[in-house]
């Protein structure tokens, strides 16, 4: 197996990283939040994963826009504007001497509560803002193995799957089921039985040269997903966001997943069915185009 979609090369520097909690820096072993924090108690918060590449925070504007939109949706005032939050991330990276091959987890919870209870009225502090930067380079593999799971992506009136919240239990359940089946990632269906997304990445197939991904109604508004769709449009590759079933998946010529951490990862096997071209020409071309996009985003003056 290729491993997981977030497998990375171990780096000893991660043992000594500084972590930001509400703007104060702590060594890794000393970074802690209260047991009364809303995130710990209830999964009440929003988060982003961001890459530092050649001295630049990639696609930061899009990431912060999604973060603030999610916070607004759950009626949470982060307490910092986007410029101040960006400055805090950059200061943390500088304090760690970090320049590239870094993955950052930015987490914002509603804050500390006076008592264990879900209502926001018992929150007694401003939001908790945690930033964890780690040196992470993705592990290259032969291709991912996916398994379709019983856990569905829910309807928006249950828990809107477009919200990047701390509440990820359904994705964790999907991940566990896929792992028990010997797969690297779970393929999740929507309430109508169409393919939605994976438990931590977005899913694409290639059929007769066309790239298909889900309608987007039952998955996070992925930033790498959107970038790949834009790359298809800009480079003459037909791409569709549409409803499609497992029958379409099993007959695909290629398949891949996308995510902030690893970019594009080929898929070699879905439910025990081998994909005919796990490293096919369309997937390989899009991998190269995405690498070029990241380098352009970093800019010529970057390291």
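Listed values, structure above:
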| read-out | value |
| --- | --- |
| Criterion: within 15 Å of the chain's Cα centre (by Cα), surrounded by 15 or more Cβ atoms within 10 Å (Cβ to Cβ) and either at pLDDT 95 or above or not assigned by TED's automatic domain parsing to the domain that holds residue 188 (or both) - qualifying residue of 108, 130, 112, 102 | 102 |
| Failed item, numbered, when residue 168 is tested on (1) closer than 17 Å to residue 6 by Cα; (2) touching a residue at least 40 places away in the same chain (Cβ under 8 Å); (3) in contact with a strand residue (DSSP E or B) (Cβ under 9 Å, 6 or more places away or on another chain) | (3) |
| Condition broken by residue 186, with the remaining ones in (1) surrounded by fewer than 17 Cβ atoms within 10 Å (Cβ to Cβ); (2) within 15 Å of the chain's Cα centre (by Cα) satisfied | (1) |
| Filter result for residue 179 (under 16 Å from the mean Cα position of the chain (by Cα) and not assigned by TED's automatic domain parsing to the domain that holds residue 110) | no |
| Meets criteria (more than 20 Å from residue 105 (Cα to Cα), buried (at least 16 other Cβ atoms within 10 Å of the Cβ) and under 15 Å from the mean Cα position of the chain (by Cα)) for residue 228 | yes |
| Answer from 215, 245, 268 - the residue that is outside the structural domain of residue 64 (by TED's automatic domain parsing), out of contact with any helix residue (DSSP H, G or I) (no Cβ under 6 Å at 6 or more places or on another chain) and over 19 Å from residue 185 (Cα atoms) | 215 |
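Rundown of residues vs (1) under 22 Å from residue 148 (Cα atoms); (2) surrounded by fewer than 18 Cβ atoms within 10 Å (Cβ to Cβ); (3) modelled with pLDDT under 95; (4) in contact with a strand residue (DSSP E or B) (Cβ under 6 Å, 6 or more places away or on another chain), yes/no style:
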site: 234; (1), (2), (3), (4): no, yes, no, no
site: 245; (1), (2), (3), (4): yes, yes, no, no
site: 270; (1), (2), (3), (4): yes, no, no, yes
site: 276; (1), (2), (3), (4): yes, yes, yes, no
site: 282; (1), (2), (3), (4): no, no, no, yes
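The values are calculated or read from the model by the stated rules, or taken from the named source; none is laboratory data. On a predicted model such as this, the values are computed, not experimentally measured, just so you know. No Cβ is skipped: glycine too gets one built from the backbone with ideal geometry, and neighbour counts run over all protein chains shown.
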